[in-house]
Amino acid sequence: MATTEQNDRNNNNEIELIIGNSNSNFSGVTSTMLQVLSHQRDLINLRVMGKHHLPDPSLAISFLSVAKLCRKPLANGKFRIFHARRVDEMIQALTLKYIFRAKIKIVFSSAAQRYRSGLTLWLTDKMDAVLAMCNASASYLHRKPDAIIYHGVKTDVYSPANNKSEAWQSLNLLPENIPTGKRGIAILGRVRKQKGVHLFVQSCIELLNDYPGYTAVIVGSISSSNESFVTELKQAVEAAGLSQRIVFAGEQNFSDIPVIFSSLSLVVALSENEGFGLTILEAMSSGAAVLASQAGAWPEVVREGVDGYVVPINDLAAVKEKMALLLADADKLDEMGQAGRERVLAHYAVEREAKQLCDFYRTMQ
């Protein structure tokens, strides 16, 4: 028999949390929101304002429905929480609060590492609470965050293969005429200079002849504005005689990405800037050693020489040095991957993020 609390949670009048979902494009913010949502819904009665990309359409609620719902507080007199992750979601929440007189408290969370415009500063000052997703993003906020809650990843989805070498060799990622090699290393994400793809390719050109067991792949979409950039890289690879060792695999189905991660021995992420940067957490959770630039939360997450290495931004010499160190000892590479997996399980699982967020919401009510 359902308890009174369970009945209350099933009652629309007792929805406690409204989550903003204003962007129709699938972005990193959308990905993190959805991952957390899958666990938050078991901890708190919630709805999502906007139907974009929701796996369960029943969770969607419209702006006007929120305005109607929030005319009155909860039955216990507490206000509902509205969680905004974007500027336009802050505007929506403030419109609800001050124009429609919604009985809500607004929390804004930010992973961005950039200084904000005047409008964003003004909006942020109107929030009831502000969260940062790492120490680096906190340093860019003009007001001290009320809490720092690190992002997490789904450790059951991003998990290591039992045998990475076998998983890599059986992966249907490369063209049929290209041998896979014993181990895979990769850079994943949109293929452009800002992501440091050229540093990865140039380092592989100089190193892979010394490490014949490795094949390098570049996984991600190529926009029309970056076609000439990629063409130059492919020409450099061909001139080095490494077209079968350094492969541009193109954009892959989103559902296939965890399988790719699970087979990799080393994941490289060399962005010039990031918000948080889930790629490194996904790689570590998948048991891959990592080589990352000093962007996003990566210097806070990666333990130097334990999970991998962190190098200065746009430093080709440092990338080559650390990549050579990683590729030179396969056993050490495996140990780093195992250490990274353990670190994510202990500190960066999405279940932990969901619980900390819900615990924080309770302090606001």
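The values are calculated or read from the model by the stated rules, or taken from the named source; none is laboratory data. Predicted, not measured: the structure shown is a model, and the values here were computed from it. Methodologically, a virtual Cβ is constructed for each residue, glycine included, from the backbone with ideal geometry; neighbour enumeration extends over all protein chains shown. For accessibility, only protein heavy atoms count, side chains too; no ligands or nucleic acids. Shrake-Rupley method; radii C 1.70, N 1.55, O 1.52, S 1.80 Å.
The Cα atoms of the range 239-280 cover 36, 27, 20 Å along the three principal axes, with the biggest extent listed first. When the surface is traced with a 1.4 Å probe over the full set of protein chains, residue 204 keeps roughly 0 Å² accessible. Once the Kirkwood radius over Cα pairs is known for the range 243-324, the Stokes-Einstein relation at 20 °C and 1.002 mPa s delivers a diffusion coefficient of 161 µm²/s. Measure nothing fancy, just the Cα-based angle from helix 197-207's long axis to the longest principal axis of the chain, in degrees from 0 to 90, nearest 10. Once rounded, the angle reads 30 degrees.
Centre-to-centre separation between the Cα atoms of the range 15-72 and those of the range 105-163: 18 Å.
Across the cross-link table entries 154/320; 103/154; 234/320, which are compared at the Cα atoms, the separations over 22 Å belong to 154/320; 103/154.
Angle, helix 330-347 long axis vs. longest principal axis of the chain, Cα atoms, 0 to 90°, nearest 10? So the inclination is approximately 0 degrees.
Sorted by mean Cβ packing within 10 Å, highest first, what order do the peptides 40-46, 84-90 take?
Ranking, from highest mean packing down: 84-90, 40-46.
For the range 166-173, putting each phi into the Karplus relation 6.51 cos²θ - 1.76 cosθ + 1.60 with θ = phi - 60° gives couplings of 5, 5, 5, 5, 9, 6, 8, 10 Hz, in residue order, rounded to whole numbers and with x for Gly and Pro. The tail of the calculated P(r) for the chain, taken as Cα-Cα distances beyond 33 Å, holds 35 percent of the pairs.
Counting only protein heavy atoms and a probe of 1.4 Å, the accessible surface of the chain is 48% carbon and sulfur. Across the chain, where is the longest run that never hits chymotrypsin sites (Phe, Trp or Tyr not before Pro) in a DSSP loop with at most 12 other C-beta atoms within 10 Å? Between the exposed loop sites, the longest stretch runs 116-365. Rolling a 1.4 angstrom probe over the protein heavy atoms with all chains in place gives the chain an accessible area of 45 Å² per residue.
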